[in-house]
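Input: a single structure, listed below in C-alpha cells.
The values are calculated or read from the model by the stated rules, or taken from the named source; none is laboratory data. Note that the structure is predicted; figures quoted are calculated from it, not measured. Every residue, glycine as well, gets a Cβ built from its backbone with ideal geometry; the counts of neighbours run over all protein chains shown.
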Amino acid sequence: MFKGKKILITGASSGIGEAIAIHFAALGADLILAARNQEALERVKNECKGAEAVDIVLLDLEQHDALFTTAKDIIKKHGHIDILINNAGISQRAFAMDLPFEFDQKLINIDLLGTIALTKAILPNMLERKSGNIVTITSMAGKFGTPLRSTYCAAKHGLHGFFDALRAEVSDEGIGVLLVCPGFIKTNVSINAFGPGGNKQGTMDEATGNGLEPSVVAQRIEKALRNKEEEIAVGGTKELFGLYAKRFAPGLLSKMIKKMKVV
C-alpha cells in the first residue's frame, strides 16, 4: 500500500516525525522530510532504510506565506503528494498568566495556522487527482484541557475543528483525513516547550520521559491508514481514561484534572 507513495512529513527531524519517517521508509515509501534543522534532517535521512527515495525540505510553519511557495516547489519536483503528515509543532509548560501573549500568538501561528496553511497549499493537488490522505498529529490536549497547556490546548482543539470539517468537505473527493491524538510520548516535546516567560523549559517531564516510544505512534498510523480510520488515540491507561471520561463523565474528569500532575 505504501511502496512508492510520496509522503511529506513535517517535524521530521526528531520525535514522532522521525519515527514516522523511519517506519514508512521500511515500507518502501518515497519520503519528503521537512523541518527547520538541516543537520537533523540529514541524520534522519540516513536512518531511513528501505525508502524508494528521501528528499529534504527546510520548512518553518510560522512563515505562512512561504509555505505556499514551498509546497508549490515540492509538487513541481515530485509531481504530487500521496500522504501529508502534519506533525510539526511546539508545546507549552506554563500557566496561562505566566506566558506572555506574544508566545500565545507564536504557538497558535505554528501549531494551528501553520498546519492549516500547509494543508491548504497541498490540498488543491490532491483534489485535482481525487486522491490522497491528510494525517494530522494533534494530542489528547485536543480533546480536553489540562493545566500548563492552555494555548497549546486551544491550538489542538482548533485542529480538530478544522480537520473534522475538512473531512466532511472532501470525503467524496477520494481524500482521507486522519486525526492522531497521542498521549505522553517519549520525545523532546517538553524540553522544547514554552515555559514561564516564553523561555524553553529545557527539561524532560517525568510523564513524557516515561511515555510510549514514538515508534508506537508510527505503527498505529500505518494501521489507521490501512483501515481508513478517521481518528485514533495513542497513549497509556491514564490518558485513555481521560479521553473516555471527557465523553461520558466530564464532571468527574474536571475534578480529576484540577488535582492531577501533568508534568
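A few points about this structure:
- Answer from LYS45, LYS5 - the residue that is more than 20 Å from LEU225 (Cα to Cα) and more than 13 Å from the chain's Cα centre (by Cα): LYS45
- Qualifying residue in region 87-102 (condition: at pLDDT 95 or above, assigned to a strand (DSSP E or B) and buried (at least 16 other Cβ atoms within 10 Å of the Cβ)): yes
- Sole residue being among the aliphatic types (A, V, I, L, M) and surrounded by fewer than 20 Cβ atoms within 10 Å (Cβ to Cβ), chosen from VAL180, VAL135, VAL170, VAL189: VAL170
- Residues that are part of a helix (DSSP H, G or I) and among the β-branched types (Val, Ile, Thr), drawn from region 212-263: VAL216, VAL217, ILE221, THR237, ILE257
- Test for VAL177: is it part of a strand (DSSP E or B), in contact with a helix residue (DSSP H, G or I) (Cβ under 8 Å, 6 or more places away or on another chain) and touching a residue at least 12 places away in the same chain (Cβ under 8 Å): yes
- For region 180-219, a residue qualifies if it is among the β-branched types (Val, Ile, Thr) and either touching a residue at least 60 places away in the same chain (Cβ under 8 Å) or farther than 23 Å from PHE103 by Cα (or both), and the qualifying residues are VAL180, ILE185, THR187, VAL189, VAL216, VAL217.
- Contact map, region 1-29: residues that are more than 13 Å from VAL135 (Cβ to Cβ) paired with residues that are among the polar types (S, T, N, Q) and buried (at least 24 other Cβ atoms within 10 Å of the Cβ), Cβ distance under 6 Å, separation 6+ or inter-chain. Pairs shown: GLY15/THR187.
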